[in-house]
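A quick write-up on the structure given underneath.
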Amino acid sequence: MRVLKITIGFLVVAVIIVLSMSLLVKNELADMLNPFIPQKDVFVKIDHTGKKINQSTYEYALEGINEDGKKIKITFTASKQLREGAYLKVDTKRTYVKSWEEVQLNDMPSVVQNKLK
């Protein structure tokens, strides 16, 4: 019985730590590992050249639109300069960007198309 109480206590503490991390800590690693943060697609339009970080990395800070039509600021890197005017679908978990891919305007949800034109 004592072992069961200790195990339940540890589980409660672990859940509290994970929940606190999801609410208080907002960095890429925490967002990537936190199972309570949902994955969302954010759509962006490349409207400027990326900031060169090193010889093969460019950083982009853009305002995008999620599938619900909400504006979201995202920052991600690319291994090349992206084409201005290109539309991207960015796979995110709050501040963590898992991946991105170029898409056509007509492949996006209509609420996003209207806001990104």
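Enumerate the pairs (first residue in region 72-90 and closer than 15 Å to Gln113 by Cα; second residue anywhere and in a loop (DSSP other than H, G, I, E, B) and β-branched (Val, Ile, Thr)) with beta-carbon separation below 7 Å, excluding pairs fewer than 6 apart on the same chain, so at least 6 apart or on different chains.
What qualifies is Gly85/Ile46; Ala86/Ile46; Leu88/Ile46.
Mind checking whether some residue in region 84-100 is over 26 Å from Leu29 (Cα atoms) and charged (D, E, K, R)?
Yes - at least one qualifying residue is present in region 84-100.
Can you name the strands (runs of 3 or more DSSP E) wholly within region 41-117 that have at least 2 residues being more than 11 Å from the chain's Cα centre (by Cα) and not acidic (Asp, Glu)?
Qualifying strands (runs of 3 or more DSSP E): 51-54, 57-66, 71-78, 87-93.
Out of all the residues in region 2-35, which are modelled with pLDDT of 80 or more and outside any helix (DSSP H, G or I)?
If the condition is that a residue be modelled with pLDDT of 80 or more and outside any helix (DSSP H, G or I), then Pro35 is the only one that fits.
Which of the residues spanning region 37-60 are hydrophobic (A, V, I, L, M, F, W, C) and either surrounded by fewer than 10 Cβ atoms within 10 Å (Cβ to Cβ) or at pLDDT 90 or above (or both)? Don't jump to the end; show me each part of the working.
Filtering region 37-60 down to residues hydrophobic (A, V, I, L, M, F, W, C) leaves 37, 42-44, 46, 53.
Val42, Phe43, Val44, Ile46, Ile53 - these are the residues of region 37-60 that are hydrophobic (A, V, I, L, M, F, W, C) and either surrounded by fewer than 10 Cβ atoms within 10 Å (Cβ to Cβ) or at pLDDT 90 or above (or both).
The values are calculated or read from the model by the stated rules, or taken from the named source; none is laboratory data. Because the structure is predicted, anything quoted here is derived from the model rather than measured. So basically every Cβ, Gly included, is an ideal-geometry build from the backbone, and we count neighbours across all protein chains shown.
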